[in-house]
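Worksheet: one structure, shown below.
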Amino acid sequence: MSEPDKSAPSESIALRAFSMLEQVARAAGPLSLEELTVALGLPKPSVFRIANLLRDADLLSREPASKRYTMGPRLAAFAIDLWRSDTMRQHWHGALEEAVAAIGESCNLTLLEGDKVLYLDRVETNHPLRLHLEAGTRVPLHCTASGKLFLSAMAKDEVQRLLGREPYERFTPKTLTSLKAVQADLARVRKTGIGTHDSERFADSVAIAVPVLGRGGEIVAAVAMHAPSSRASLATCMGYVDALRRAASKIALTLTPSGPVVGATRGRRTAARPARRTV
């Protein structure tokens, strides 16, 4: 394990390490040592030593090819544990319940976890015909409403890196299996700020997703609704956007002390904050 900077008090090193974790967690993609150095305003050798300390503790990971830093498995696990804490979950669940009461369809809160969408919480509709997905379920990015929303906030090379090699897994005849097709759909999501799913992961199913925004306007989660396509269409789902955004704003209040970002949904490019490792 690398030695810490002995010229600085331990408290200062701890705060610098925490600031580095914040930078990595908020970034839309992995950060280089140079980018971390500029962001933290510290000497490059100090940044390198702190980064090595965090890597040794599994709080940061370094990509072998690019040498860029991203969340380590221990930090990702800690983040998920915080998201699942009972106190915060009560606020989320209440916001989802209100959305379901207004919409009449199942609603869920999702998080980007590595190269998957994690269902963090869900409230089911009372309709007997419904798609049942429990909290803890993980689904792909390229064929889900929340997944497309998270991808829309990323640069094209980051989208390609997360999705991996083509063709992407096909689940239904409507699944988008090429990068070109996915990017074309993401261009629409960037304009509207709404992710969509039209029987691409699950047959006879439609869904839309809106972002939960962090203090800086970054996408930290998504609120989505699902319905059977025999009961709803994407066009009718668009009538539920306001209810979903109200739920997203209430959930954002638990994440941003100063309140949710105003006017940062439609037509604004935001940065997703992914947890880079599956836990």
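Things worth noting here:
- When GLN23 is tested against (1) in contact with a strand residue (DSSP E or B) (Cβ under 7 Å, 6 or more places away or on another chain); (2) without any contact (Cβ under 8 Å) to a residue 12 or more places away in the chain, only condition (2) is not met.
- Hey, LEU15 hydrophobic (A, V, I, L, M, F, W, C), out of contact with any helix residue (DSSP H, G or I) (no Cβ under 6 Å at 6 or more places or on another chain), modelled with pLDDT of 85 or more and not in a helix (DSSP H, G or I) or not: no
- The one condition in (1) buried (at least 16 other Cβ atoms within 10 Å of the Cβ); (2) in the same structural domain as GLY214 (by TED's automatic domain parsing) that VAL24 fails to fulfil: (2)
- All of LEU59, LEU36 fail the test of being crowded, with 17+ Cβ neighbours inside 10 Å, within 19 Å of GLU113 (Cα to Cα) and in contact with a helix residue (DSSP H, G or I) (Cβ under 8 Å, 6 or more places away or on another chain), apart from LEU59.
- The single residue among LEU53, LEU96 that is over 25 Å from PRO211 (Cα atoms), of a type in the set (A, V, I, L, M), in a helix (DSSP H, G or I) and modelled with pLDDT of 90 or more turns out to be LEU53.
- Qualifying residues in segment 171-198 (those that are in contact with a helix residue (DSSP H, G or I) (Cβ under 8 Å, 6 or more places away or on another chain), part of a helix (DSSP H, G or I) and among the charged types (D, E, K, R)) - the one surrounded by the fewest Cβ atoms within 10 Å (Cβ to Cβ): ARG190
- Any hit, segment 118-132, residues being part of a helix (DSSP H, G or I), at pLDDT 85 or above and among the β-branched types (Val, Ile, Thr): no
- Qualifying residues in segment 28-50 (those that are under 24 Å from ARG161 (Cβ atoms) and hydroxyl-bearing (Ser, Thr, Tyr)) - the one modelled with the highest pLDDT: THR37
- Some residue of segment 74-82 being more than 21 Å from GLY29 (Cβ to Cβ) and either touching a residue at least 60 places away in the same chain (Cβ under 8 Å) or surrounded by fewer than 22 Cβ atoms within 10 Å (Cβ to Cβ) (or both): yes
- Filter result for the condition that a residue is part of a loop (DSSP other than H, G, I, E, B), surrounded by 15 or more Cβ atoms within 10 Å (Cβ to Cβ) and in contact with a Phe, Trp or Tyr (Cβ under 7 Å, 6 or more places away or on another chain), over ARG201, ARG215: ARG201
- Cβ-Cβ contacts under 6 Å between residues 6 or more apart (or on different chains), taken from a first residue in segment 112-135 that is within 25 Å of ALA77 (Cα to Cα) to a second residue that is modelled with pLDDT under 85 and of a type in the set (Lys, Arg), are listed as GLY114/ARG276; GLY114/ARG277.
The values are calculated or read from the model by the stated rules, or taken from the named source; none is laboratory data. Here the structure is a predicted model, which means the values were calculated and not measured. Glycine gets a Cβ as well: all are built from the backbone with ideal geometry, and neighbour counts include every protein chain shown.
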